[in-house]
Structure formats: structure tokens, C-alpha cells
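**Q** Would you mind keeping the following structure in view while I ask a few things?
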Amino acid sequence: MDTFIQALALVASWEVLVAVGLGSVFGLFVGATPGLSATMAAALLVPLTFPLSPVAAIGAIVACTAMSIFAGDIPAAFLRIPGTPASAAYMGELRAMSERGEVASGLGNSMFAAVVGGLVGTAVLIFVAPQLANFALSFSSYEYFWLALLGLSCATLVSGADKLKGAVSLTLGLLVTLVGLDVVSGTPRYTFGLVDLQAGVSLIAVLIGAFAIAEIMRSSQSAIQARTDLPSIAPGAILRGQGKTLWRHKVPLARGSFLGTVIGALPGAGPDIAAWISYAVSKRFSRNPAKYGKGSSEAVIGAGSANNAALAGAYVPALVFGIPGDSITAIVIGVLLIKGLQPGPLVFITSADLVNAIYIVFILANLLILPLGIIAIVAARRVLSVRNGFLYPAILLLCIIGTFATNNALFDLWSLCIIGVLVWIMNANDYPAAPFVLGVVLGAIVEQNFMTSMLMSDGNLWAFFTRPIAGALGVVTLTVWLLPPVIALWRLARRRKHTP
Amino acid sequence: VKLPDLWTGLAIFALGILAIVKAQGFPDVAGGASPRLFPQIIGGILILLGALVSARAVVQSGFAAGWERPDWSTDPLKIARILYVPVAIIVFAALARNLGTIPVSALLMIGYSLLWRTGLLAACIFGIVFSVVIYMFFTTVMRVPLPVGPIPLPF
């Protein structure tokens, strides 16, 4: 109880409340702007969180991402363009409701579903994470090595249609972490004689380069969009009848919330995957599947609850094991590392107040969706009419100054430029960015635990399998690696057998 | 720029070889924790994955596949907007210390706004105002020193 009160005191400071408030507003703006993602919002926030306390920094990111995931529904309803990929699953439903003149009701459905989903995800985080952390206290470097590798492997599996290219992205990320001083011996590696590279490639440059600069370059390829006239919405219309609708669809709401949390907790599977799966499951078990695709409240509630729930679910592996559940938690882990905090089971003992403060911030951020969400829906006409000619130059300047300001190092700008161009080329060739960033965030953890284990076992690789949990994790990891090529070969052999 | 998978696979393959060759120069300490070990593993994985990407491309489309010309490559304005992003970062890195954050930021913003077909006056006003606001935010709220340049600022 004392820890909870300490956490409450941490959150109740002006610094945290202002950071959460501003983070929320920023998240709403970014989420409601087509082409900008929640991950980009989090990446842009990183340099701004530099002078903040860890709670304020994480609070700003939590609030920003929760808001932006919901706000992605706003352009989906008005323009048929999802603000973030997490809204794409049920965009057709929102648009159909909008065409029927029910845009306020549709966005009200998604707003309340986002709040409930986020709160359910937070409840699971509060109850499950400490239990898992207790269990993880007995882990040694062997278990952590396999766990990190398993996280990276799963991230590759769900990275997109092409798993091979996902694996390449991940390995490139791991290669980037090799730049700098070796974790064990302090030997400079791949520094090419540059002193600036001895500290490694700046994590902030990687995050902003991969998620913001590459995105600006991708957006620069598209045509300039004409401005659209949008209908105005009264706040009362958003709230009208929401209680009855939510109660009528309580089962899809609960199912979407729990499913989203579980999917979010899987490494690599973020809010967008959670929303797609939840939409499909909701349709499968619906009494009125024929209404799906034609503006169904049930569909919006089922999938809209899942994406915000997934956001909280992703914090379970991130806080307990230091393994990011998605690209947003990869950024959060990066911020915690910059603040000198190593996520893992020990953080629940050494910084219990911080962990509790994160829970409180999650609850606060999700509750804030209601008032700020209503304002965002009402103000959507203005947000959606911001010209690209103002938006992208502003983001570009934020990226440049934010990256420079973090370490006051002009060298980081070169890293920013190279990573941004590299990820832009990778994206254009279907090599996904998220595994690359996960590789950069987790690379040092993988190598450190691998080297520690090698030192402990005097180079004996069999020792990685001798402890029960490590052995089980090792077998699961190897199965994750070997199963896709084995299945592919089996399918190929079967096809050849059936071909005359 | 959509390149053939054969080429990207070969580039990854070459990067893996380069990583391993460079790793040979790292000292090989006694015991299992050599600074060479992890780079060699990562290099090896890159070689394997690069070979797989190339091999798959050859199986699917043979050796003849060329690079796809992207839609934006026929529009000079789009090309300029894409190139402007990395160039702006380099220009800021090269000039900010000598000319100051605000003038360099404002010029970069005005240039990029114009490439998005914003009017000159609107681009100038927005570029200057936003640059000053961002500068003041970082220096006064976040207390991060940014290059001032040769002309002392009144704030």
C-alpha cells in the first residue's frame, strides 16, 4: 500500500500531469493526422522526454500512444484514411456509419470501446506482470538470452507477409548494435577510427530515423491532397445512446479487450494485428455477421477495444523481461535505458513505485480519452485540414533538433540521416522497419547475456540447455526458427507429389 | 526505390562477409567471450539470409529481373521532396554551429514548405515563427543549449 501511495505521489506532481496532458494532445493530433503513426508519435516524443523524470517520460509516451491509437479512427470515419494502421481493420464500418450520417455515434462507439479496452488491458498488466516478475526472479543469463532471442524471433514471424525479409531486418538491427565498444572487453568494433562511434549508434537517432525520417520520405512520394469539407459534430451527439450500445455489445467488448491484451503481450504483435484478429473473431461469433462491412457498431466495439487493450498488453513482456511487445514498447524500453533503468523482474523490487506509477498513468491516460477524445472529434475539421506544407516541415525540424539536442552531438545527425535513408530503402523493398528497431533495442541484451553465459560455461554451448526453463525456451526458440522452413519444404514436397 | 530481390540479397550477403572479415581484426581473448564471436555469428546469419533472399528471387523470377521504376521518379517535385529530407539533415549538421539554429532551421523549413507547394509568404511566416518557437522551447523549457550563431539573440 505504501508503494502505491508513493506511486500516487509521483504521478500527482505537476511535471507528470503536464507531461501526460501534453502527450495526450500531441497523440491526438498525430493519430488524427493521416500518414503519421502512433509509433512515430512516440519516437518524436523521445528527445522531448530527455529532461523529464522517468515517470513523466513514460507517462507522456503512454498517454500519447493511447490517444493516437483512438484518434486514428477519426480520419478513418471522415476521410476513409486510417490515421494509424491500428484503425484500418474497422475503417470500413466507421466510414459506412459516416455515410449514413452516424459519424458521431460511430466515433462515440470507438471512443468508449478504446477506454474499456485500455482499462481491461491495464488491469491485466497490474495483476499479471508482478506474478510473472516473481517467477522471472530465478532467471539467469541463459534464460534471458533465450527469452530475448525468442522475442526477436516472434517479432520476425509476425513482422509482415515476408518472414525472410523480416529476419534480414532484425539481423541488420543486431549488426548496428555491434558498432561501438564491446560489452565484455571494451574493444572498439566497427568504429572505423571515429571516436564518436565508440559509444555506438545513438538509439534516438535510430528510433527517429526509422519511424519518422523514413516516414517523411515515404510521404514525400505521394501527391499533395486537396482539402476536404467535413461535417461539424456536436459533443452531445457523440455521447447519445452509448451506454445502451455498449451494454448490447458487452460480449464483443469483453472479448475484444481480453483478446487484444493477450495479442499485445506477444512479442512483435501490436495494436494493428490485435484489431484485425479481434475484428475477424467478432464477426465469426456474431449473431449478425451480415451487418459487418455495412457500418456495424458491434464490429467497431469488438475491434476498437482490442487495439487499445493491446497497447497495455505489450507492457507485460516489456516491464517483466525487458522484451518489447511491439515497436512502441521498444521505444519505451529505449527511454528507460536512457534514464538508467533496466526493465526486468528486478525493477518490480528496486523501482516498485515507478512500476505502480506506470499503472496509474495507464488508467489516467485511458480515462483522459473521454474528454479529450470528444474535443478531438469536435475539432476534427481543423486537425484534418492542416496542410502537408506545414505539417511535414514541422516534423522534419522536430526530428533534426530533437536528435541533436539529446546528446548535443552533431554526429548523431549523420546517424539520423543514414538510418532514415536506409529504412526508407528497406521499406520500399518490403524489408519491415519494426524488426530492425527491435534488433537495435534488444541486440545489446542478447549479446550481453550470450557472452555472460559463454563465460560461465567456458564456451560450452550445451550449458544453454541444461537448466529446465532455459532448455524449454531454447527448444521453443529453435522450433520457431525451424518450423517455417520445414513447413515450406513439406508443402513443396506435397505439391510436387500431386503434380503429374 | 524497388530493387530486385536478387540485388538486395547479394548486398546483404556482401555485408555479412564484410562483417566477418572486419571481425578478424578484433583481439581474440582467452575463454568463450571473444569480441569476435557475436559479430561472426551475425555476419554468418547475414550471409545465409542474403543467400536465401537471392536464391528465392532467382527461383521465382530468374536472373533477368530488373529494378522497378517507382511512380515518383517521373515527377521532379516529388524527387526534390524526397532528396530534401536527408540533405536538410546534413545541411543543419554542417551549418548550424556557424550560422545558428534559427536561421538554418527557418531556411530549411521555408524550402521544404515551398516544395509542398505552399505560398512563399505563408512558408516564410510559418518557417520563421516555428523555428523561433522550437528554439525557445528547447533552450528555455527543456534547457538544452542549441547553437546561437554569430548574431546574439534578444531572448
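The values are calculated or read from the model by the stated rules, or taken from the named source; none is laboratory data. If you're wondering where the values come from, they're calculated on a predicted model, not measured in any experiment. In this analysis, Cβ positions are derived from the backbone assuming ideal geometry, glycine residues included, and neighbour counts consider all displayed protein chains. The protein model used for the area step is the full one, side chains on, heavy atoms only, and it has no ligands, DNA or RNA in it. Shrake-Rupley method; radii C 1.70, N 1.55, O 1.52, S 1.80 Å.
**Q** Using a 1.4 Å probe on the protein chains only, how many percent of the accessible area of the protein assembly as shown belongs to carbon and sulfur?
**A** Of the solvent-accessible surface of the protein assembly as shown, carbon and sulfur hold 69 percent.
**Q** Now a separate question. Tell me, what is the 1.4 Å probe accessible area of B:W67, in Å² to the nearest 10?
**A** Estimated to the nearest 10 Å², B:W67 gives 130 Å².
**Q** To one decimal place, what orientation-averaged projected area in nm² is obtained for the convex hull of the Cα set of region A:256-398?
**A** Projected over every direction and averaged, the Cα hull of region A:256-398 covers 11.1 nm².
**Q** Volume per residue, Å³, of the convex hull around the alpha-carbon atoms of region A:288-356?
**A** 106 Å³
**Q** Something else about it: Kindly report, to the nearest 10 Å², the accessible surface of A:K283 as traced by a 1.4 Å probe over protein heavy atoms only.
**A** 90 Å²
**Q** Turning to a different aspect of this structure: Quick one: putting +1 on the C-beta of Lys and Arg, -1 on the C-beta of Asp and Glu, what dipole do you get for chain B around its Cα centre, in Debye to the nearest 20?
**A** 180 debye
**Q** Rounded to the nearest 500 deg cm²/dmol, what is the calculated helix-only ellipticity per residue at 222 nm for the protein assembly as shown, with -39500 (n - 2.57) per DSSP H run of length n ≥ 4?
**A** -23000 deg cm²/dmol
**Q** Run the simple label-point estimate for A:A9 and A:A290 please: 7 Å along Cα→C-beta, distance reported in nm.
**A** 6.3 nm
**Q** Among rounded, prolate and oblate, which fits region B:40-155 when a ≥ b ≥ c are the square roots of the eigenvalues of its C-alpha gyration tensor, a/c under 1.5 means rounded, and a/b larger than b/c means prolate?
**A** Oblate, because a/c is 1.5 or more while a/b does not exceed b/c.
**Q** What's the lysine pair count for chain A at a Cα cut-off below 24 Å, pairs eight or more apart or interchain?
**A** Within chain A, the lysine pair count is 8.
**Q** Tell me the net charge near A:Q221. Cut-off is 14 Å between Cβ atoms, A:Q221 excluded, with +1 for each Lys or Arg and -1 for each Asp or Glu.
**A** Combined, the nearby Lys, Arg, Asp and Glu give +1.
**Q** Once you sort the root eigenvalues of the Cα gyration tensor of region A:174-282 as a ≥ b ≥ c, which label holds: rounded (a/c under 1.5), prolate (a/b larger than b/c) or oblate (the other case)?
**A** oblate
**Q** Once you put a point 7 Å from the Cα of B:L120 and another 7 Å from the Cα of A:S222, both along the Cβ direction, what distance in nm separates them?
**A** Taking the simple label geometry, B:L120 and A:S222 are separated by 3.0 nm.
**Q** If the viscosity is 0.890 mPa s and the temperature 25 °C, what translational diffusion coefficient in µm²/s does Stokes-Einstein give for region A:238-329 when Rh comes from Kirkwood over Cα pairs?
**A** The calculation lands on 185 µm²/s.
**Q** Picking from A:T466, A:I69, A:N134, whose Cα lies most toward the positive end of the charge dipole for the protein assembly as shown (charges on Cβ: Lys, Arg +1; Asp, Glu -1)?
**A** Value: A:I69.
**Q** Which value, in debye to the nearest 20, describes the size of the charge dipole of chain A about its Cα centre when Lys and Arg Cβ atoms bear +1, Asp and Glu Cβ atoms bear -1, and nothing else is charged?
**A** Its charge dipole is roughly 2040 debye.
**Q** Starting from 0.36 nm per residue, how many nanometres of slack lie between A:L17 and A:E99 once their C-alpha separation is accounted for?
**A** 25.7 nm
**Q** Among A:L175, A:L79, A:S153, pick out the residue whose Cα is farthest towards the positive end of the charge dipole of the protein assembly as shown, where Lys and Arg carry +1 and Asp and Glu carry -1 on C-beta, about the Cα centre.
**A** So the residue furthest toward the plus end is A:L79.
**Q** Report the B-A buried area as the accessible area lost on both sides summed, probe 1.4 Å, in Å² to the nearest 100.
**A** Using a 1.4 Å probe, the pair buries roughly 5800 Å².
**Q** What net charge do the residues around A:N388 carry, taking every other residue with its C-beta under 10 Å from that of A:N388, with Lys and Arg at +1 and Asp and Glu at -1?
**A** So the surrounding residues net to +3.
**Q** Ok, one more. Multiplying the sequence separation of B:D28 and B:V58 by 0.36 nm and subtracting their Cα-Cα distance, what value in nm do you get?
**A** So the extension gain works out to 7.0 nm.
**Q** Follow-up. Before anything else, pin down the relative contact order of region B:1-128: Cα pairs under 8 Å, at least 6 apart, normalised by residue count, whole percent.
**A** Result for region B:1-128 is 25 percent.
**Q** Can you work out D for region A:77-215 in µm² s⁻¹ from Stokes-Einstein, where Rh is the Kirkwood radius over C-alpha pairs, the temperature is 10 °C and the viscosity is 1.306 mPa s?
**A** Stokes-Einstein gives a translational diffusion coefficient of 80 µm²/s.
**Q** What nm value, rounded to one decimal, do you get for the distance between B:V1 and B:R69 when each label is placed 7 Å out toward the C-beta?
**A** With each label placed 7 Å out from Cα toward Cβ, I get 1.6 nm.
**Q** What area, in nm² and to one decimal, does the C-alpha convex hull of region B:89-155 cast on average over all directions?
**A** So the mean shadow area of the Cα hull is 4.7 nm².
**Q** Shifting gears a bit: Taking amide hydrogens as modeled 1.01 Å from N in the peptide plane, which residues meet the under 5 Å criterion relative to B:K2, leaving out close sequence neighbours?
**A** B:E68
**Q** To the nearest 10 square angstrom, how much accessible area does B:M136 have with a 1.4 angstrom probe?
**A** 70 Å²
**Q** Taking 35 Å as R0, compute the FRET efficiency from the Cβ-Cβ separation of A:S232 and A:R387 and round it to 0.05.
**A** 0.95
**Q** Give me Rg over Rh for region A:424-500, both radii from the alpha carbons and Rh done the Kirkwood way, two decimal places.
**A** Rg divided by Rh gives 1.15.
**Q** Pop the C-beta distance of B:V21 and A:L410 into the FRET formula with R0 = 25 Å and round what comes out to the nearest 0.05.
**A** 0.25
**Q** How much length would be gained if the chain were fully extended between A:W481 and A:R494, taking 0.36 nm per residue of separation minus their Cα-Cα distance, in nm to one decimal?
**A** So the chain would gain 2.6 nm between A:W481 and A:R494.
**Q** Can I ask one more? From the protein chains alone at 1.4 Å, what is the descending order of accessible area for A:K294, B:K2, A:K165, largest first?
**A** Result, largest first: A:K294, B:K2, A:K165.
**Q** Can you give the charge dipole size of region A:35-173 about its Cα centre, rounded to the nearest 20 debye, using +1 on the beta carbon of Lys and Arg and -1 on the beta carbon of Asp and Glu?
**A** With only Lys, Arg, Asp and Glu charged at Cβ, the dipole is about 160 debye.
**Q** Next up: Report, in cubic angstrom per residue, the convex hull volume of the C-alpha atoms of region B:19-100.
**A** Per-residue hull volume (Cα only) is 178 Å³.
**Q** Using a 7 Å offset from Cα along Cα-Cβ at B:L48, what residues in region A:459-480 end up with backbone N under 13 Å from the label point?
**A** A:478-480
**Q** Please list, or write none, the lysines whose alpha carbon is within less than 21 Å of the alpha carbon of B:K78, excluding same-chain residues fewer than 8 places away.
**A** Here the lysines satisfying the reach criterion relative to B:K78 are B:K2.
**Q** What is chain A by shape, rounded, prolate or oblate, if you read a ≥ b ≥ c off the alpha carbon gyration tensor as root eigenvalues and call it rounded for a/c under 1.5, prolate for a/b larger than b/c, and oblate otherwise?
**A** Rounded, because the longest to shortest axis ratio a/c is under 1.5.
**Q** A further question on this structure: Order of A:360-369, A:128-137, A:482-491, A:449-458 by packing, highest average Cβ count within 10 Å first?
**A** A:360-369, A:449-458, A:128-137, A:482-491
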